[in-house]
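Down below is the structure, laid out as structure tokens.
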Amino acid sequence: MTLSTDEVNRLKTAPAVEGVLPVLHSRWSPRAFSDRDVAPADLAKVFEAARWAPSSNNGQPWSYLVGLRDSSTHSKIAASLAGFNQAWAPNAPVLILGVTRTTFAYNGGANAYALYDLGAATALLVVEAAALGLAAHQMAGFDHEAASQALEIPEDYALGSVIALGYQGEPAMLANERLLAQEVAPRQRKPLKDFVFSAWGSPLDLK
Ligand SMILES: Cc1cc2nc3c(=O)[nH]c(=O)nc-3n(C[C@H](O)[C@H](O)[C@H](O)COP(=O)(O)O)c2cc1C
């Protein structure tokens, strides 16, 4: 007997804080994905969210390689995943590889903020996905070299994360007990006092 998707979503929702967007509390990273495909119009919306992310010098260095189920891009991204991600992520109907150009297009100079900007764009992407009722789960656990080669990523691009995107499935569909335990575990976060400082190590007084 395990939890239903509704029960697990209630458990995963962070306590509401007035004035904070509810979607930021309800977004989480499931591993169980249903068979349901994502409509192209919804895919367009999640990339539109990434499109409007801020970036250093407005360089917009990010690109996303999108593998739809049964495509060679989906298979290549799935094949690059580490074993602990292979156990669940290939079930997602969409696998996305986020990459970022490490040189500025306008002058060829190094862009030290390329990965930072990709992360910012991807954060907006996953929040938009959650707002649309989609589930998104980012992964660093993949073979960068294998993915670069298989997907012919140009030399001056760095790899960020693979994102599994789709609709949340029933936790019971997961392949093993460890995945199931992760799926129903409450989400943990540090308190603000541990990372918001007025001077190094001194919590900012927010009362
Ligand atoms: C850059 C990045 C890499 C991650 N890599 C993995 C991964 O390889 N496998 C995995 O199962 N989850 C991965 N995650 C998901 C995190 O474990 C998850 O976001 C974190 O535990 C917080 O949980 P929440 O997103 O449900 O709030 C990754 C998340 C990010 C942002």
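FYI, it's all coordinate maths here, none of it is from the lab. All figures in this text were calculated on a predicted structure; none of them were measured in a lab. Neighbour counts run over all protein chains shown; Cβ positions are idealised from the backbone, glycine included.
Charge tally for residue 185 (other residues, Cβ to Cβ under 15 Å; Lys, Arg +1; Asp, Glu -1): +3. Each label was represented as a point 7 Å from its Cα along the Cα-to-Cβ direction; for residue 155 and residue 2 these points are 4.6 nm apart. Residue exposure proxy: 52, 88, ordered by other Cβ atoms within 10 angstrom of their Cβ from fewest to most, comes out as 52, 88. Taking the fewest neighbouring Cβ atoms within 10 Å as the starting point, the ordered list for 137, 25 is 25, 137. For residue 190, which lysines qualify as cross-link partners when the Cα separation must be under 21 Å and same-chain residues fewer than eight apart are set aside? Those lysines meeting the cut-off are 12, 207. Taking a point 7 angstrom from the Cα of residue 87 along the C-beta vector, which residues in the stretch 1-26 have backbone N less than 19 Å away? Under cut-off, by backbone N: 1-3.
Taking neighbour Cβ counts within 10 Å as the exposure measure, how do 152, 183 sort from fewest upward?
On the way: 152 8, 183 26.
In increasing order of surrounding Cβ atoms, one gets 152, 183.
Once the C-beta distance of residue 11 and residue 37 is scaled by a Förster radius of 22 Å, the resulting FRET efficiency is 0.25 to the nearest 0.05.
So what's the back-of-envelope 222 nm ellipticity for the chain, counting only DSSP H runs of four-plus at -39500 (n - 2.57) apiece and dividing by all residues, rounded to 500?
Mean residue ellipticity at 222 nm (helix-derived): -9500 deg cm²/dmol.
Would you tally the net charge around residue 77, using a Cβ to Cβ cut-off of less than 15 Å, leaving residue 77 out, and scoring K and R as +1, D and E as -1?
Net charge in that neighbourhood comes out at -2.
Taking the empirical scaling 2.2 N^0.38 Å for compact globular proteins as reference, the stretch 28-169 has a Cα radius of gyration ratio of 1.00.
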